[in-house]
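*Asks:* One structure coming up, written as structure tokens, with questions to follow.
Where a number appears in this text, it was derived from the coordinates with a stated rule and is not lab data. Keep in mind it's a predicted model, so treat the numbers as computed, not measured. Positions of Cβ are generated from backbone atoms using ideal geometry, with glycine treated the same way; all protein chains shown enter the neighbour counts.
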């Protein structure tokens, strides 16, 4: 059974904060989750190079208290990745893009409207950027998910919409994939502008997202037609 916080748990022998007392009385799983949530906010503000000792100080706990739950900083970052990225992913999104009862443009627009609602977040965006800058694998791991669950399905559905061969007949080309990545990048850049550059973006993104998807749908078919023809003729 968890015991109340003691002076030993508090940094510099000071009395533990009320916040810490509350955490000490929680089940271990909940206390661990609170550390993860605080760590996500901390790394978003200070970068992934931020020291766990400073994180502990901001929480009002000893450095060793963090390592009771996370033996290494990498283990803590793994949990932050699960909390910030994996848990926000909606499994229904893949089915949404592939639901042919709706026009493809409407499907893609709905996906990016819902996706933006999840990822346009201070913590999500900044940790993602810091991960790339510091060489942590958070961004590459997440981009694997995007490639398999967003980029490839969009490309497959556009091929089907255009009456072009499927991937089993003509493998997806780099050129086609890059066209879809360009759309994805345009959406993500709006979040970069807001949470990294501190630059304003439209308060209502619906028209901007509609324009971005419309540009993709008008421009990509030429790329897909040419690319599949080149592949068949190779």
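*Asks:* What is the extension gain from residue 162 to residue 194, computed as 0.36 nm multiplied by their sequence separation minus the C-alpha to C-alpha distance, in nm to one decimal?
*Replies:* 8.0 nm
*Asks:* Between residue 57 and residue 207, take the C-beta separation as r, use R0 = 41 Å, and let me know the FRET efficiency to the nearest 0.05.
*Replies:* Efficiency computed from Cβ-Cβ geometry: 0.35.
*Asks:* Report the residue, chosen from 123, 170, 150, that carries the largest GNM mean-square fluctuation when the chain is represented by alpha-carbon nodes joined by springs under 10 Å.
*Replies:* 170
*Asks:* Further question: Take the chain, connect every pair of alpha-carbon atoms lying under 10 Å apart with a spring to form a Gaussian network, then pick out the residue of 32, 203, 157 with the largest mean-square fluctuation.
*Replies:* In this elastic network of the chain, the residue with the biggest mean-square fluctuation among 32, 203, 157 is 203.
*Asks:* Given the options 68, 147, 118, state which has the largest fluctuation in a GNM of the chain using a 10 Å cut-off (strictly under) for Cα springs.
*Replies:* 68
*Asks:* Can I ask one more? Identify which of the listed values of Kirkwood radius over Cα pairs in Å was calculated from the structure shown: (1) 18.7; (2) 19.5; (3) 20.3.
*Replies:* Entry (3).
*Asks:* Give, as ranges by residue number, the residues of the stretch 50-78 whose backbone N falls under 16 Å from the point 7 Å along Cα→Cβ of residue 137.
*Replies:* Hits in the stretch 50-78 for residue 137 at 16 Å: 72-78.
*Asks:* Oh, and also: Counting pairs of Cα atoms in the stretch 168-227, how many percent are more than 16 Å apart?
*Replies:* The share of Cα pairs beyond 16 Å in the stretch 168-227 comes to 52 percent.
*Asks:* Relative to the longest principal Cα axis of the chain, at what angle does helix 174-195 sit, 0 to 90 degrees, rounded to 10?
*Replies:* 40
*Asks:* Which whole-number percentage describes the relative contact order of the chain, with Cα contacts under 8 Å and a sequence gap of 6 or more?
*Replies:* 17
*Asks:* Can you tell me the orientation of helix 104-119 relative to the chain, as the angle in degrees between its alpha-carbon axis and the longest Cα principal axis, to the nearest 10?
*Replies:* 10
*Asks:* To the nearest 0.05, what FRET efficiency results for residue 28 and residue 144 with a Förster distance of 22 Å applied to their C-beta separation?
*Replies:* Result of the calculation: an efficiency of 0.10.
*Asks:* Quote to one decimal, in nm, the extra length available between residue 96 and residue 121 on full extension: 0.36 nm per residue of separation minus the C-alpha distance between them.
*Replies:* Taking residue 96 through residue 121 to full extension adds about 6.8 nm, to one decimal.
*Asks:* Against the longest principal axis of the chain, how steep is helix 152-162, in degrees 0 to 90 to the nearest 10, with axes from Cα atoms?
*Replies:* 20
*Asks:* I need 61, 145 ordered by Cβ neighbour count within 10 Å, fewest first.
*Replies:* 145, 61
*Asks:* Now a separate question. Would you calculate a helix-derived [θ] at 222 nm for the chain, using -39,500 (n - 2.57) for each DSSP H run of n ≥ 4 and dividing by the full residue count, to the nearest 500?
*Replies:* -21000 deg cm²/dmol
*Asks:* Next question. What order do you get for 169, 52 when you list them from fewest to most C-beta neighbours inside 10 Å?
*Replies:* The most exposed by this proxy come first: 169, 52.
*Asks:* Next up: If neighbour count is taken as other Cβ atoms inside 10 Å, put 172, 162, 76 in order from fewest to most.
*Replies:* In order of increasing Cβ crowding within 10 Å: 162, 172, 76.
*Asks:* Ok, one more. Report the extension gain between residue 229 and residue 41 in nm, rounded to one decimal, defined as 0.36 nm multiplied by the number of residues separating them, less their alpha carbon distance.
*Replies:* Between residue 229 and residue 41, full extension yields an extra 62.8 nm.
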